[in-house]
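Below is one structure; the comments refer to it alone.
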Amino acid sequence: MSKIVLASGNKGKLKEFSELLNDMQVELVPQSALNVPEADETGLTFVENAIIKARNACVHTGLPAIADDSGIEVDALNGAPGIYSARYSGVNASDHANLQALLDAMVDKKDRTARYQCVIVYMRHAEDPTPLVCQASWEGSLLKQAKGDGGFGYDPIFWVEENNCTSAELSPQQKHAISHRGKAIRQFLKQFQQEYQPS
Ligand code: IMP
């Protein structure tokens, strides 16, 4: 079975990726298992950062790599925290600190609409000039206090209208079916199987 490196160190994302990519006829190896150093996310867009992370994993392993860059965009904050979602309250901030920083920033805001964004990139090698790029979003709104203990990151305050609960109250399967990452991964699987795994 061929190997692909998963260029992420985020435990919540690794769990979701492994569950969603279960059906792929490839062995997915987390970059931590191959001693790949974290890339500096110097891009200004999700797609740039996903490419930076995938390329970094290819460079250090010589293997193809999948990376995602994701985050939450809040309309009342002009799209913040966006690409800075993982470091909203500082470098190496905990999920809890980031969530609290977002609640603080939203304290007096009436418009509470927000969406998660996810970009997935697959690169065959470090110089791949045509990475496979898949992008998806998930609309919701922000509560004023946390509810639920599933998921990760901002899930306890991300209200999902159609399920009448936060994304932290969804089962992993329910979340995968409608989330930004679930949708982007399904796009990715379809294209990967068509373009890179001809039967
Ligand atoms: P990245 O690892 O640089 O892509 O940062 C992603 C960050 O966005 C995470 O650390 C979370 O703060 C947030 N995020 C992305 N996807 C989700 C999700 O599905 N639930 C909750 N938070 C998420």
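Things worth noting here:
- Residue-averaged 222 nm ellipticity for the chain, from DSSP H runs of 4+ at -39500 (n - 2.57), nearest 500: -9500 deg cm²/dmol
- Of all accessible heavy-atom area on segment 2-195, the percent that carbon and sulfur account for (1.4 Å): 50 percent
- Computed over segment 1-112, Kirkwood Rh from alpha-carbon pairs, angstrom: 15.3 Å
- For the set K3/K190; K53/K109; K15/K53; K13/K183, the pairs lying more than 24 angstrom apart at their alpha carbons are K53/K109.
- With every protein chain in place and a 1.4 angstrom probe, the accessible-area ranking of W159, W138, largest first, reads W159, W138.
- Rounded to the nearest 10 degrees, the inclination of helix 180-195 to the longest alpha-carbon principal axis of the chain is 20 degrees.
- Principal axis dimensions, largest first and in whole angstrom, of the chain by Cα: 51, 32, 26
- Here the chain is assigned +1 on the Cβ of each Lys and Arg and -1 on the Cβ of each Asp and Glu. Its dipole about the Cα centre then comes out at about 160 debye.
- Helix 46-61 axis, angle to the chain major axis (alpha carbon atoms, nearest 10°): 40 degrees
- Residues of segment 79-103 with amide N under 15 Å of a point placed 7 Å along Cα→Cβ from D149: 96
- Probe 1.4 Å, all protein chains present, accessible-area order of S137, S179, largest first: S137, S179
- Here's the picture: charge each Lys and Arg Cβ at +1 and each Asp and Glu Cβ at -1 in the chain, and of V47, M106, A65 the one pushed furthest to the positive end of that dipole is A65.
- Descending by average beta-carbon neighbour count within 10 Å, the peptides 101-109, 68-76 line up as 68-76, 101-109, the highest first.
- Dmax and Rg, reported as Rg then Dmax, of segment 78-139 (C-alpha, Å): 15.5, 47
- Rolling a 1.4 angstrom probe over the protein heavy atoms with all chains in place gives segment 1-77 an accessible area of 47 Å² per residue.
- Available extension along the chain between S2 and A97 is 30.3 nm, counting 0.36 nm per residue and deducting the alpha carbon span.
- Positive minus negative residues near G9 (Lys, Arg vs Asp, Glu; Cβ under 11 Å): +2
The values are calculated or read from the model by the stated rules, or taken from the named source; none is laboratory data. Note that this is a predicted model, so its numbers are computed, not measured. When we count neighbours, we look across all protein chains shown, and the Cβ atoms used for this are built from the backbone with ideal geometry, even at glycine. What goes into the accessible areas is simple: the full protein's heavy atoms, side chains included, and nothing from ligands, DNA or RNA. Shrake-Rupley method; radii C 1.70, N 1.55, O 1.52, S 1.80 Å.
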